[in-house]
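Novice: So that we are looking at the same thing, I have put the structure below in structure tokens.
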Amino acid sequence: MLQHFPEIVLASGNPGKIREFQALLKHDAILPQSQFQVPDVEETGTTFIENAIIKARNAARHSARPALADDSGLVVDALNGAPGVRSARYAGARASDQDNLDKLLHDIRNVPEHQRTARFICVIVLMLHADDPFPLIAQGRWEGEIIDQAKGENGFGYDPVFWLPESGCTSAQLAPEKKNTLSHRGQALQALLQQLSS
């Protein structure tokens, strides 16, 4: 299990993501890569798996510790899979969450409500060291729909417009504990823990 590793570097500086990982993995020593002056790396992959591996290898190399990385994003069917791997940069390299949200709502404005199916995808990679030839890879997906107007104060990114028909709310309206049990990241982390335990 992860408790065998005194410290694990998370290849992210996103505070929301760090809190989710610590809560889901019940491991307090998951530390942001900024604590080890890990430089950002260009995400040149065309898939979530490729980008997660790039980020985990970079964090492991510069921190000399095991590294966790995830690559996640929103896939909208009516937009041919966009924003996809470019979810964090959908409105440009320096885009804010609000910028990305505004662009998504603009791009989907003429799509009928029943064609707004979407899903969050998450791929998590654990590398024990930078040259790990067999990194653990786990995936999760969370089905939903895109609505026109942001609702909810929790979460981050596209959460306020990601509608969950079974819950009757957006992912930003869920309590964090509930979101962690349902989300794409929660599913991927559970899959990772199953691999570690086996």
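Novice: How long are the three semi-axes of the equivalent ellipsoid of region 93-198, in whole Å, if each is the root of 5 times an eigenvalue of the C-alpha gyration tensor, listed from largest down?
Specialist: Working: eigenvalues 172, 55, 32 Å².
Its equivalent ellipsoid spans semi-axes of 29, 17, 13 Å.
Novice: Filter LYS103/LYS179; LYS26/LYS178; LYS26/LYS179; LYS17/LYS179; LYS26/LYS151; LYS55/LYS151 down to the pairs with a C-alpha to C-alpha distance above 21 Å, please. Provide the component values of the computation, followed by the final result.
Specialist: Details: LYS103/LYS179 24 Å; LYS26/LYS178 16 Å; LYS26/LYS179 16 Å; LYS17/LYS179 12 Å; LYS26/LYS151 29 Å; LYS55/LYS151 31 Å.
Too far apart for the 21 Å limit: LYS103/LYS179; LYS26/LYS151; LYS55/LYS151.
Novice: Could you give the length gained by full extension between LEU196 and THR117, i.e. 0.36 nm per residue of separation minus their alpha carbon distance, to one decimal place? Show your work: numbers first, answer last.
Specialist: On the way: separation 79, 0.36 × 79 = 28.44 nm, distance 3.27 nm.
Value of the extension gain: 25.2 nm.
Novice: Just want the ordering: VAL161, VAL75, from fewest to most Cβ atoms lying within 10 Å of their own Cβ. Write out the running numbers ahead of the final one.
Specialist: Details: VAL161 25, VAL75 19.
The fewest-first ordering by Cβ neighbours comes to VAL75, VAL161.
Novice: May I pose another question? Taking a quarter of the surface of the Cα convex hull of region 70-150, what do you get in nm²?
Specialist: Values: hull surface 25.7 nm².
Averaged projected hull area, Cα only: 6.4 nm².
Novice: If you wrap a convex hull around the C-alpha atoms of the chain and split its volume per residue, what is the figure in Å³? If you can, show how the numbers build up before the last one.
Specialist: On the way: hull volume 22.7 nm³, N = 198.
Convex hull volume per residue, Cα atoms: 115 Å³.
Novice: Across region 116-124, in residue order, what do the Karplus-derived ³J(HN,Hα) couplings come to in whole Hz, using 6.51 cos²θ - 1.76 cosθ + 1.60 with θ = phi - 60° and x for Gly and Pro?
Specialist: 9, 5, 7, 8, 8, 10, 9, 10, 10
Novice: Among rounded, prolate and oblate, which fits region 27-122 when a ≥ b ≥ c are the square roots of the eigenvalues of its C-alpha gyration tensor, a/c under 1.5 means rounded, and a/b larger than b/c means prolate?
Specialist: Numbers: a/c = 2.64, a/b = 2.29, b/c = 1.15.
Since a/c reaches 1.5 and a/b is larger than b/c, the shape of region 27-122 is classed as prolate.
Novice: Would you work out the charge dipole size for region 1-145 about its Cα centre, treating the Cβ of every Lys and Arg as +1 and the Cβ of every Asp and Glu as -1, and quote it to the nearest 20 debye? Don't skip to the answer; put the middle values down first.
Specialist: Details: 15 positive and 19 negative charges, 25 e Å.
Charge dipole, region 1-145, about its Cα centre: 120 debye, nearest 20.
Bear in mind that the values in this text are calculations on the coordinates, not laboratory data. For clarity, every value in this text was computed on a predicted model and none was experimentally measured. In this analysis, Cβ positions are derived from the backbone assuming ideal geometry, glycine residues included, and neighbour counts consider all displayed protein chains.
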